[in-house]
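**Q** The structure that follows is given in the form of C-alpha cells.
The values are calculated or read from the model by the stated rules, or taken from the named source; none is laboratory data. None of these values were measured; they are calculated from a predicted model. Here the Cβ positions follow ideal geometry from the backbone for every residue, glycine too, while neighbour counts run over all protein chains shown.
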C-alpha cells in the first residue's frame, strides 16, 4: 500500500505523436540493460515531464541516455515502464497520437488508435538517480566531425578487457580550438585531431568506446546538428591518469543528453611513441596499397600473417614500396606500387591485420615514415596518424630489398 501511495502522488498524463515517441525509444536503446540478470528497473525506461516536455530515459549505470520530445502535458509526474514491450507496442502502432497515463497503481496505460495497453510499472523512486548536466556550456563540435574522428581511431581500441583503459578512447581537450581522440592496443596507436569551439579547462577523459559510438550515432541522426560536450566536476590526476567521473554529451539543441562513466587509469603515452617514429618521407595511394595488402594477405594468412614492406627505388630510379608475403606450405607473393618522395632503405615486417586497420582509417593518400625495425611505423594523414609496431622476424638474403 505504501508503494502504491508513493506512485499515486505522481500522476503522469501526456499526449505525444507516435513517431516522436518511437524515435525517442529507439534513441535510448543502447542504454537499456539487456543482460540476463539485469535488475528489472534497468530493463525499463523512465517517462517523465520536464520543462513542459516529455523525457524518455534509460540507463545501465555506465551509460545513460535522456531524450526530450514535444508533448501535450496534462499531468506532471513519472512512470517507469518495461522497455521492450513499450518499444514494440509503439513501433507497431499507426501514426497517431499516443496517450500515456500513470494510474497510480503501478500500472501505466498507453492508448493509441482506439487500442489500450496496460503495462506493469515500477516505482519511479527505484529508478537510478541521473547525474545533473552542468548548465555551463562546454566545448562544441560538429556531429559529423566527431563521427569521422571516432571512425578514424576506433579500430585501434583493444578488443579484450585485460587492460580496461585500452577499451576506451582518450578524449583530450588541448585548447579552445582543438581536442584530440586517441586509441591504443598492444601494437597500434591512433590519434586524430577534432576542431572545437567554446572553452572548458584542459583535461583528459578515457571514455568507453561503446559510449563514444552511441554519441556519434545519435549526433548523425541529423547531420546539421552539432554535438555539445559538457563535463561534470570531478577530481582527476595529472596527464592521462584519470579518476572516475562522468562526462556529458548534449546533442543537437539539448534534445538528447548522454552521460557516460569514464574509465579510471593511465592511458599509454602516444606522444612518446610519436617522438620515436620517423617523420613521413614518402606517400602512396591508399587504394593501391590496400589492394597490394589484400593480395599479399592471401598468402600471409596461410602462415604467420606477416607482410614485409620494402621501401626503395626500382631499376629505373622510380620510388616504390614493395610488399612480400610467404607461407612454407603454400608459396610466396611479391608486388610493388609507386610512391612519391624519399624512401629509407629500412625494411620492416608488419601484421596484416594491423595494416588493414590502418588503411581502413586513412584518406586517399597515406604518408609513411619508417625509421628502423625497432621503432613504430608512422602512417599519417592531415588530421591524424597511426603508429604500428613492427614485428621481429628473421631476414635472409632473399629478403634483401
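**Q** Output the number of residues of region 182-203 satisfying the condition of being buried (at least 21 other Cβ atoms within 10 Å of the Cβ) and in contact (Cβ under 8 Å) with a residue 40 or more places away in the chain.
**A** 9
**Q** Select from region 42-62 the residues that are over 13 Å from residue 14 (Cα atoms), outside any loop (DSSP other than H, G, I, E, B) and either free of Cβ contacts under 8 Å to residues at least 60 places away in the same chain or over 26 Å from the mean Cα position of the chain (by Cα) (or both) and list them in ascending order.
**A** If the condition is that a residue be over 13 Å from residue 14 (Cα atoms), outside any loop (DSSP other than H, G, I, E, B) and either free of Cβ contacts under 8 Å to residues at least 60 places away in the same chain or over 26 Å from the mean Cα position of the chain (by Cα) (or both), then 43, 45, 58 are the ones that fit.
**Q** So which residues in region 346-391 are farther than 20 Å from residue 275 by Cα and surrounded by fewer than 18 Cβ atoms within 10 Å (Cβ to Cβ), if there are any at all?
**A** Hits for region 346-391 are 353, 356, 360, 363, 364, 365.
**Q** Which pairs do you get when a residue that is touching a residue at least 40 places away in the same chain (Cβ under 8 Å), found in region 325-353, comes within reach of a residue that is buried (at least 20 other Cβ atoms within 10 Å of the Cβ) and assigned to a loop (DSSP other than H, G, I, E, B), reach meaning Cβ atoms under 6 angstrom, with the pair 6+ apart or on two chains?
**A** 344/370; 348/370; 348/390; 349/390; 350/390
**Q** A further question follows. Considering region 69-99 alone, what residues qualify as being over 13 Å from residue 25 (Cβ atoms) and surrounded by 20 or more Cβ atoms within 10 Å (Cβ to Cβ)?
**A** 71, 77, 78, 79, 80
**Q** Out of 328, 287, report the one residue that is out of contact with any strand residue (DSSP E or B) (no Cβ under 9 Å at 6 or more places or on another chain) and at pLDDT 95 or above.
**A** Just a single option satisfies the conditions, and that option is 287.
**Q** If I go through region 320-334 residue by residue, how many of them are in a strand (DSSP E or B) and surrounded by fewer than 18 Cβ atoms within 10 Å (Cβ to Cβ)?
**A** Residues meeting the conditions: 4.
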